[in-house]
Structures are given as C-alpha cells and as structure tokens.
C-alpha cells in the first residue's frame with residue numbers, strides 16, 4: 001500500500017465517530033426506514049414477518065461483528081468495504097466491491113427518500129401533491145443531511161444523535177400508551 005493512502009493519526013481521530021455516534025447512525029437508519037416503514041410493508045405477510053425481522057436482526061449483528069474484525073485488520077486505512085476487499089484481494093476486487101456498494105446505496109437512498117416524502121406528506125396532510133411538491137420534499141430530504149455532512153463529522157454526529165432521540169420519542173409514546181392501556 002502506498003503512503004498516499006495512509007492518514008495522520010491525529011487527522012484520522014478528528015474525522016472519526018465515537019461509539020455513541022456510530023451506534024446512533026445505525027439506529028437512526030434502522031428506525032427511520034425499518035421501524036417506521038417496514039411494518040406497513042410486512043403486514044401483508046402476517047406473523048411470518050416476525051421471522052423475517054429476526055433473520056434481518058441476526059444478519060445485521062453478524063455484519064457488525066464482521067466489520068469490527070475487518071477494521072482491526074486494516075487499521076492504517078480509511079476503512080470501508082473498498083479498503084477491506086482491496087487489502088485482501090487486490091485492486092480490482094476493491095474497485096468491484098466499491099462500485100457494487102455505491103449501486104446498492106443509490107437504490108437504498110431512493111427508498112429512504114421515498115419514505116421521507118411519504119412521512120412529510122402524512123405529517124402535513126398533503127393530499128394529491130404535484131410532482132414538483134414531491135420533488136421539493138425529496139430535495140430537502142437529500143440536501144439537508146448532505147449539508148450537515150459537509151459541515152463536518154462532529155456536526156453530523158450531533159445532528160444524527162438528535163434525530164435518533166426524536167425518532168425514539170414516538171416509539172416510547174406508543175410503548176407507554178400500550179402499557180397503560182393493557
């Protein structure tokens with residue numbers, strides 16, 4: 001590996017997330033797209049959807065352990081799927097894995113934006129929006145997080161942690177209402 005890919009340890013620390021923020025990043029993604037969107041999608045599958053959620057949870061835990069182990073093996077790099085594959089299998093494998101990841105990220109981001117548009121329309125009672133309204137909502141949902149990310153890792157971590165707390169509030173409210181009603 002060339003020296004161009006190595007980073008200064010002090011610089012690397014200033015660009016990293018702590019455990020709380022990294023956990024918030026994953027939890028925010030799961031809550032936002034999984035907990036709020038998936039029940040409506042999985043309702044048609046009945047109780048077998050619980051099995052699906054269990055398999056997904058196990059898969060997520062296995063991936064977390066896998067990435068933790070890979071991070072230990074590639075400590076002097078920026079990490080990520082590209083770096084792991086490149087280190088173990090060479091440049092072409094790194095390129096292929098990086099490219100496949102980005103293609104899957106595009107599809108995932110499209111699903112997240114579609115959910116965001118539906119959330120905003122439901123929150124504000126927007127019925128039969130025009131294409132331009134949907135486009136505007138989608139762009140706001142894309143560019144606000146992008147701007148926060150561009151502002152820096154610390155600002156992004158603060159924003160992510162704040163939004164995770166805000167996502168937990170309705171879940172906590174529903175849990176308390178169900179507990180009191182039972």
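The values are calculated or read from the model by the stated rules, or taken from the named source; none is laboratory data. Just so it is clear, the model here is predicted, and its values are computed rather than measured. FYI the Cβ positions are ideal-geometry reconstructions off the backbone, even for glycines, and counts take in every protein chain you see.
Do any helices (runs of 4 or more DSSP H) lying entirely in region 2-53 carry at least 1 residues that are at pLDDT below 70, over 17 Å from the mean Cα position of the chain (by Cα) and surrounded by 15 or more Cβ atoms within 10 Å (Cβ to Cβ), and which ones are they? Please lay out each step first, then the result.
Values: elements: 9-14, 19-29, 38-42.
The qualifying helices (runs of 4 or more DSSP H) are 9-14.
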### Message
When you scan region 134-155, do you find a residue that is under 16 Å from the mean Cα position of the chain (by Cα), surrounded by 11 or more Cβ atoms within 10 Å (Cβ to Cβ) and touching a residue at least 40 places away in the same chain (Cβ under 8 Å), even just one?
### Response
yes
### Task
Give the residues of region 74-92 that are surrounded by 11 or more Cβ atoms within 10 Å (Cβ to Cβ) and assigned to a helix (DSSP H, G or I), sorted by residue number.
80, 81, 82, 83, 84, 85, 86, 87, 88, 89
## Note on the structure
All conditions in (1) at pLDDT below 85; (2) more than 28 Å from residue 162 (Cβ to Cβ) are true of residue 90 except (1)
### Task
Say whether the condition of being within 21 Å of residue 17 (Cβ to Cβ) and touching a helix residue (DSSP H, G or I) at 6+ places or on another chain (Cβ under 6 Å) is met by at least one residue in region 111-123.
yes
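Quick grid of which residues meet (1) touching a strand residue (DSSP E or B) at 6+ places or on another chain (Cβ under 9 Å); (2) part of a helix (DSSP H, G or I); (3) within 23 Å of residue 163 (Cα to Cα); (4) modelled with pLDDT of 95 or more:
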{"site": "101", "(1), (2), (3), (4)": "no, yes, no, no"}
{"site": "106", "(1), (2), (3), (4)": "no, yes, yes, no"}
{"site": "111", "(1), (2), (3), (4)": "no, yes, yes, no"}
{"site": "119", "(1), (2), (3), (4)": "no, yes, yes, no"}
{"site": "122", "(1), (2), (3), (4)": "no, yes, yes, no"}
{"site": "133", "(1), (2), (3), (4)": "no, yes, no, yes"}
{"site": "140", "(1), (2), (3), (4)": "no, yes, yes, no"}
